[in-house]
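First comes the structure, then the notes that go with it.
Values quoted throughout were computed directly from the atomic coordinates according to the rules given, and no laboratory measurement underlies them. Owing to the predicted nature of the structure, the values given are computational and were not obtained by experimental measurement. Every residue, glycine as well, gets a Cβ built from its backbone with ideal geometry; the counts of neighbours run over all protein chains shown.
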Amino acid sequence: MNDRMRNYLFMACAAATLFALVGCASPGLVKQHHPVWPAPPVPPRVIHRQDIRSSGDLQETSALSGLGRLITGGKRQAMLRPHSAAVIDDRLLCVTDQELQGVHVIDLNTSKARFIGRVDGVHFVSPLGVAAFGGGIAVSDSALNRVFLMTVKGEPLGLIDKPGGFKRPTGLAYDARHRELYVVDTLAHEVCVFGIDGRLVRRFGGLGTDVQRFNYPTHIFVDTRGRVFVTDSMNFRVQAFDRAGRYLFDLGAHGDASGYLAVPKGVGVDSFGHIYVVDSYFSNVQVFDEQGRFLLSIGGPGEDSGRLQVPAGLTVDNHNRIYVCDSYNRRVQVFEYIGDVDHENDAASDN
């Protein structure tokens with residue numbers, strides 16, 4: 001058998017295998033369910049937009065491109081245990097992955113992706129928090145007790161060091177207006193604020209149950225108004241502060257009814273002031289208004305789109321898209337607020 005015949009037979013076998021895998025369906029026409037909240041007939045406020053397990057979920061996959069990957073062995077790095085997320089310029093999605101011990105950087109426009117497993121020769125062990133700043137990213141490693149600064153290509157930009165050392169750095173948030181990085185130190189029960197040059201600017205918190213005190217805080221978010229939202233996990237609440245660390249209000253309490261929290265984690269705020277709080281135990285995202293009043297819940301336990309399994313971090317981009325790290329479903333789910341803000345109190349009464 002000559003080389004030409006061998007190549008022909010190989011291509012025929014590959015095409016037959018691909019046909020068996022994809023059937024006769026048209027390329028890229030796999031329909032995805034996009035649930036809404038609240039459920040009909042109530043007007044929807046939030047819609048599910050997309051599941052992201054790897055960069056391959058960001059574009060339609062044709063039979064021809066599938067054949068190319070089958071022949072060449074090409075593959076995309078899938079998420080295994082996403083924990084926290086950040087979005088740069090509404091284009092780059094950065095996700096820490098505890099099981100893979102690194103950071104996924106995915107271009108939402110081109111679907112190109114990069115995985116960063118080390119920086120400046122140091123391998124990540126337990127990367128948890130991630131925050132975007134000026135085109136770069138900060139990543140906290142709770143096992144190494146360090147906060148790394150790097151480019152989106154993984155090139156080192158420096159380290160954030162706390163005087164006396166971090167006990168367990170976890171959640172990160174960046175205030176672009178004041179060029180300040182917020183770091184939650186969970187075992188120290190405090191929030192530390194650094195200049196991007198690494199200088200400690202201020203700190204607030206301490207162990208306790210009173211306001212302005214924490215009991216194992218984890219996640220953090222700074223909204224466009226400069227308000228700081230800290231998930232006070234073992235006090236079963238989220239506390240809101242001004243930039244100086246002065247207490248504003250809190251939301252949530254221990255319980256299993258709507259508006260109560262069991263294992264609160266990720267927190268984020270959209271441009272309308274809605275506050276989104278992940279509850280890992282309930283496997284949902286609870287939505288509150290800007291005064292901390294409960295509006296509705298998103299999700300619930302399950303594997304389908306819109307359902308969650310032990311979710312962790314959350315972030316909100318400039319277009320009110322909500323990125324939830326659905327850890328045990330090995331994906332990031334993207335939701336979007338689409339409701340009329342003038343009727344949000346109606347949504348609360350409907351739930």
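Brief remarks follow.
- Summary of packing: across the peptides 198-206, 136-144, the per-residue average of other C-beta atoms within 10 Å ranks them, highest first, as 136-144, 198-206.
- Backbone HN-Hα couplings from phi across the stretch 277-289 [Karplus 6.51/-1.76/1.60, Hz, Gly and Pro as x]: 10, 6, 10, 5, 6, 7, 6, 8, 10, 9, 10, 10, 7
- A quarter of the convex hull surface defined by the alpha-carbon atoms of the stretch 235-302 gives 4.6 nm² as the mean projection.
- For the stretch 128-210, the orientation-averaged shadow of the C-alpha convex hull comes to 5.5 nm² (one quarter of the hull surface).
- Given R0 = 22 Å, the distance between the Cβ atoms of E99 and S271 translates into a calculated FRET efficiency of 0.10.
- Separation between Cα centres of the stretch 127-176 and the stretch 267-341, rounded to whole Å: 24
- Other-chain or far-sequence residues with amide H under 5 Å of L296's (modelled H): V287
- Between Q309 and S258, the contour length at 0.36 nm per residue exceeds the alpha carbon distance by 16.5 nm.
- Full-stretch length increase - K167, R246 - with 0.36 nm per residue and alpha-carbon distance subtracted: 26.1 nm
- Cα coordinate range in the stretch 268-319, projected on the principal axes (Å, largest first): 30, 23, 15
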